[in-house]
Amino acid sequence: MTIRAIFFDIGGIFFNESDRAPVKAWEKRLDLQAGQLYEIVLDNSIAKQATLGNATVEEIWNEVAEQLSLSKFEIQQLKMDMWSGWIWDTNLLSDIRILKSNYKLGTISDAWPGAREGMIEYINNGIFDVSVFSYEEGLEKPDPQIFHRALSRLEVIPQEAIFLDDKLKNIQGAQAIGMAGVHVIDPKKQVREVINMLSKGGSVREY
């Protein structure tokens, strides 16, 4: 069946950590293991509720402050430092425009409230035909319903769509409903390979 739509995750594809030094400094300061700070911030119970739209970003950071015994000043500094090493891959965002003439483009992202407004400079209708955020839907990947909602908004069926994500469980969720999936380990390399393949009429189902 002909591919008509391509969906992308955002974090880990277009928004990536380029400098881990700020996070490593905090982990050393707080006597945490490598990666533990991200777990505390992103995987705490309040953060999980926020991903579904049931808690605020302020409530997330209040929970983090309580878990790590940080003052208001310290938590504000942590918030700034934690994302300071992350950058948008504007070149990759620009590159996918080549697909717009032949494919519908969309994003499906697990995100906290306010993400749509916070990302509007990079994730917008100038590139993507639809952007689906978990906090607005009350659903997160790999729930099949979040994929079905994204598909319906582009008026395509699963067999006509491809999904790219850096988390294998999300790719497996998309594949379970019939979408093609690409597990992205190296976004610069793999996304450009997909772009080249599709722009030449190739099949990503064989990727």
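The values are calculated or read from the model by the stated rules, or taken from the named source; none is laboratory data. Note that this is a predicted model, so its numbers are computed, not measured. Here Cβ is always computed from backbone atoms with ideal geometry, including for glycine, and neighbour counts include all displayed protein chains.
With respect to Leu198, is the statement that it is at pLDDT below 95, surrounded by 15 or more Cβ atoms within 10 Å (Cβ to Cβ) and not in a loop (DSSP other than H, G, I, E, B) true? Considered against the rule, which asks whether it is at pLDDT below 95, surrounded by 15 or more Cβ atoms within 10 Å (Cβ to Cβ) and not in a loop (DSSP other than H, G, I, E, B), Leu198 comes out as yes.
Scanning region 146-172 for residues that are under 26 Å from Asn102 (Cα atoms), surrounded by fewer than 22 Cβ atoms within 10 Å (Cβ to Cβ) and not aliphatic (A, V, I, L, M) turns up His148, Arg149, Ser152, Arg153, Glu155, Pro158, Gln159, Glu160, Asp166, Gln172.
The residues of region 33-61 that are part of a loop (DSSP other than H, G, I, E, B), of a type outside the set (Gly, Ala, Ser) and more than 16 Å from Ile75 (Cα to Cα), listed by number, are Gln33, Asp43, Leu52, Asn54. Apart from one condition, Val132 fits all of (1) in contact (Cβ under 8 Å) with a residue 24 or more places away in the chain; (2) surrounded by fewer than 15 Cβ atoms within 10 Å (Cβ to Cβ); the exception is (2).
Pairs linking a residue in region 61-76 that is in the same structural domain as Asn44 (by TED's automatic domain parsing) to a residue that is of a type in the set (Val, Ile, Thr) and assigned to a helix (DSSP H, G or I), with Cβ atoms under 6 Å and 6 or more positions apart or on different chains, are Trp61/Ile75; Glu63/Ile46; Val64/Val41; Ala65/Ile75; Gln67/Ile40. Scanning region 95-126 for residues that are surrounded by fewer than 20 Cβ atoms within 10 Å (Cβ to Cβ) and among the β-branched types (Val, Ile, Thr) yields Ile98, Ile120. Applying the set (1) more than 15 Å from the chain's Cα centre (by Cα); (2) closer than 14 Å to Phe8 by Cα; (3) at pLDDT 95 or above to Gln190 leaves exactly one unmet item: (3). Being without any contact (Cβ under 8 Å) to a residue 24 or more places away in the chain, at negative phi and polar (S, T, N, Q) is a property that Gln175 has. Looking only at residues of region 95-108 that are in a helix (DSSP H, G or I) and β-branched (Val, Ile, Thr), we find that the one that is modelled with the lowest pLDDT is Ile98. Please specify each residue of region 1-44 satisfying the condition of being of a type in the set (Phe, Trp, Tyr), surrounded by fewer than 16 Cβ atoms within 10 Å (Cβ to Cβ) and in contact (Cβ under 8 Å) with a residue 24 or more places away in the chain. Passing the criteria: none in range. Candidates in region 80-94 are the residues that are surrounded by 16 or more Cβ atoms within 10 Å (Cβ to Cβ) and part of a helix (DSSP H, G or I); of these, the one that is farthest from the chain's Cα centre (by Cα) is Met82. In region 1-32, how many are assigned to a loop (DSSP other than H, G, I, E, B) and either β-branched (Val, Ile, Thr) or within 23 Å of Asp89 (Cβ to Cβ) (or both)? Counting residues in region 1-32 that are assigned to a loop (DSSP other than H, G, I, E, B) and either β-branched (Val, Ile, Thr) or within 23 Å of Asp89 (Cβ to Cβ) (or both) gives 10. Set side by side, the residues Ala21, Ala50, Ala55, Ala25 differ, and just one is in contact with a Lys or Arg (Cβ under 9 Å, 6 or more places away or on another chain) and aliphatic (A, V, I, L, M), which is Ala55. Check region 35-52 and report whether any residue there is at pLDDT below 95, under 19 Å from the mean Cα position of the chain (by Cα) and assigned by TED's automatic domain parsing to the domain that holds Lys200. Within region 35-52 (the criterion being at pLDDT below 95, under 19 Å from the mean Cα position of the chain (by Cα) and assigned by TED's automatic domain parsing to the domain that holds Lys200), the answer is no, since none of the residues qualifies.
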